[in-house]
Amino acid sequence: MKQTLLSAAIILGLGLSTAFSQNKPISKIKKIEKMETSNKQKVVALLKSLETGDTIPVSYINPNKYIQHNLGVADGLVGFGALLSQLPPNSAKTNTVRSFQDGDFVFTHTDYIFFGPKIGFDIFRFEDGKIVEHWDNLQETAKPNPSNHTMIDGATEIKDLDKTEANKTLVRSFIDDILVNGKMDKLAAYFDGDNYIQHNPNIPDQLSGLVATLEALGKQSIILKYDKIHKVLGEGNFVLVVSEGHFGKDYNAFYDLFRVENGKIAEHWDVIEPIPAKDTWKNNNGKF
């Protein structure tokens, strides 16, 4: 043991003497620094812990303040723990395909097996490096759509960070014009001709495919109407919009993820979840 310590001291001494012999200030000497875990990494690790049972990521949640907006889960860490206790052993699987950060918010797009196969968007808000609030939207995993795209595949590369705010403005305007106010005469201006990749399970690719689907719904008197936009979050070429409104007979939460390319909407994913009756809620924070 003494020999080991002596050897370490000699090695360290040689390193310092070499630095001084080269006239390098101590501040320039290479240091081993602990790498800080990013908020994105914390969220991905927390979601993965649903599968692995790793207890470390739970420490990323503020134990004194965890506001829950999943209406089937009680507030705080107690509610989170109660949910996990209901899972059949070794049944959960998580594959977070996309993760983004916008200020204090991290939002993710995840392929789950969690009480059955689901696709989900999760949003986490951070304060001082700790998670203090959570929203999500979950939908049962569907078969590939008419263009053979799944709810989760497609582009993942984050680009154009300098265009984040412009892309958020573009997508918000699209939702507001088309889905809130029904200004269909403005639809084509948001797309590059007919080029449009669609991941909704029931809609094919191309702008013409979207238009045909909307027309078919209208003929069946099925209402698709967004009433209010709650959040617009983005990083680079990806923008997530959280809204509420009607689809058919249900009142829904809509989470729509868009990829923007050269100022036009190029790709779309979504998750639609009915908002349950208030007397079934396990917290009073609301869906949004």
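DSSP beta bridges confined to the range 161-279 are antiparallel in about 90 percent of cases. In loop segments of the range 90-137 as defined by DSSP, the chymotrypsin sites (Phe, Trp or Tyr not before Pro) with at most 15 further C-beta atoms inside 10 Å of their C-beta are F115.
Using a Cα distance threshold of under 26 Å, what count of lysine pairs results for the range 39-143 when pairs must be 8 or more residues apart or interchain? For the range 39-143, qualifying lysine pairs total 19. Only Lys, Arg, Asp and Glu carry charge here, each on its Cβ (+1 for the first two, -1 for the last two); on that basis the chain has a dipole of about 1060 debye about its Cα centre. For the chain, the Kirkwood hydrodynamic radius comes to 21.5 Å, computed from all pairs of different C-alpha atoms.
A simple count of charges around K65, restricted to other residues whose Cβ falls under 11 Å of its Cβ and scoring Lys, Arg +1 and Asp, Glu -1, yields -2.
Shown here for the range 159-232: trypsin sites (Lys or Arg not before Pro) in loop regions (DSSP other than H, G, I, E, B) with at most 14 other Cβ atoms within 10 Å, namely K159, K183. Here the label points at L217 and T52, each 7 Å from Cα along the C-beta direction, are separated by 3.9 nm in the simple model. The distance linking the range 87-110 with the range 120-143 is 7 Å (Cα centroid to Cα centroid, whole angstrom).
Can you list the GluC sites (Glu not before Pro) in the range 82-168 that are in a DSSP coil and have 13 or fewer other beta carbons within 10 angstrom?
Here the sparse-neighbourhood loop sites are E157.
FRET efficiency for the L187 to N90 pair, using the beta carbon distance and R₀ = 45 Å, is estimated at 0.45.
Secondary-structure-derived ellipticity at 222 nm for the chain, considering helices only, amounts to -7500 deg cm²/dmol, per-run term -39500 (n - 2.57) for DSSP H runs with n ≥ 4.
In this structure the amide hydrogen of I223, modeled in the peptide plane, comes within under 5 Å of the amide hydrogens of G248, none closer than 5 places in sequence on its chain. Model label points for A277 and L161, set 7 angstrom from Cα along the Cα-to-Cβ axis, are 4.9 nm apart. Stretched out straight at 0.36 nm per residue, the stretch from E140 to F288 would grow longer than its current Cα-Cα span by 51.3 nm.
Modelled spin labels at R172 and K231, positioned 7 Å past Cα toward Cβ, are 1.5 nm from each other.
We did not get these values from a lab; they are worked out from the coordinates using the rules stated. Only a predicted model underlies this, so the values are computations on that prediction, with no experimental measurement involved. Neighbour counts are summed over all protein chains in view; Cβ atoms, including those assigned to glycine, are modelled from backbone coordinates with ideal geometry.
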